[in-house]
Every structure is written in C-alpha cells, then in structure tokens.
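For reference, the structure discussed in these notes is given below.
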Amino acid sequence: MASGDDRDHLAESLNDLFTNVSKMVKGELQETNNLLELLERMNIRVAEEYKGFGDVASGLRVFVEQLKSKSGSFDEYVQQIDSIEGQVTELEAVVSMLDKYVSLLESKVQSVYHTPPS
C-alpha cells in the first residue's frame, strides 16, 4: 500500500497536471477567441468596403440614367443637325446651278455687247 506521502505527492502531481492542462486549454481557447474577434473585425471592415462599393455603384447608376436622358435630348439635336445638313447640301446645289446660270448670262451679255478693241 502507498504511504500518505506518496498519496500527497501523487495528488499534488495530478493537481499540477490538471492545472497545467487547464491553463493550456484556457490559452488555446483565448487564442481561438482572439482569432474570432479578429475575423469579426475583418468582416466588419469588408462589409464597410462593400457598402462603399454599393454607394459608388448606386451613384454610377444614377449618372448613367442621367446620361441616357441627356442622350435622348441630344438625339433630337442630331436629327435636326442632319436635317439642316441635308438642306445646306440642297442649297449648295441650287447656288452652284445659279452660279453656272449667272456665268452663262455674263458670257452672253459680253458676247452681245462685245466691242472690238480699238
């Protein structure tokens, strides 16, 4: 049979063992807890970043809608410009014809009133 000193020594060793195991488990739990807190902070930061991206995307959507509405009004102006360009082309053709006609009249008038050089 073990003596009282052996039992006390065994109890003390077991107590130390349990204390050390308890400290080790507590340390690992604390480390896990720290990692979880870090992950939580990282998740919050990422969520803030994505919220910022969402705000930018929302602003871009509004900007694109404004561009579309302006583009619609520009389409009207483009059609008017095309119409004016067509009219100018027709006017240039008429002016060219008038120019030729005036040149022809000039040459007829010169031929009719042509006086021989003295």
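At what distance in nm do the modelled label points of Ala93 and Gln80 sit from each other, each positioned 7 Å from its Cα along Cα→Cβ?
Taking the two extended label points, one gets 2.5 nm.
If I model the range 28-74 as equal point scatterers sitting on the Cα atoms and use the Debye formula, what is log10 I(q)/I(0) at q = 0.22 Å⁻¹?
Results for the range 28-74 at q = 0.22 Å⁻¹ read -0.76.
Convert each backbone phi in the range 98-109 into a coupling constant with the Karplus relation 6.51 cos²θ - 1.76 cosθ + 1.60 (shift: θ = phi - 60°), then list the ³J(HN,Hα) values in order as whole Hz, x for Gly and Pro.
Once rounded to whole Hz, the list reads 5, 4, 4, 5, 5, 4, 5, 4, 4, 5, 5, 5.
According to the Cα gyration tensor, what semi-axes, each the square root of 5 times an eigenvalue, does the equivalent ellipsoid of the range 4-50 have, listed from largest to smallest in whole Å? Don't skip to the end; give the middle numbers.
Details: eigenvalues 399, 3, 3 Å².
Equivalent ellipsoid semi-axes, largest first: 45, 4, 4 Å.
Residue by residue through the range 68-76, what is 3J(HN,Hα) from phi via Karplus (6.51 cos²θ - 1.76 cosθ + 1.60, θ = phi - 60°)? Round to whole Hz and write x for glycine and proline.
Whole-Hz 3J(HN,Hα) from phi for the range 68-76: 4, 5, 5, 4, x, 6, 5, 4, 4.
Provide, as a two-decimal number, the C-alpha radius of gyration of the chain over 2.2 N^0.38 Å, N being how many residues it has. Could the numbers behind the result be given before it?
Numbers: Rg = 49.2 Å, N = 118, 2.2 N^0.38 = 13.5 Å.
Dividing the Cα radius of gyration by 2.2 N^0.38 Å gives 3.65.
Computed from the coordinates by the stated procedures, all read-outs in this text should not be read as laboratory data. Keep in mind that this is a model prediction, so the values were computed, not measured. Here the Cβ is made from the backbone with ideal geometry for all residues, glycine too, and neighbour counts use every protein chain on show.
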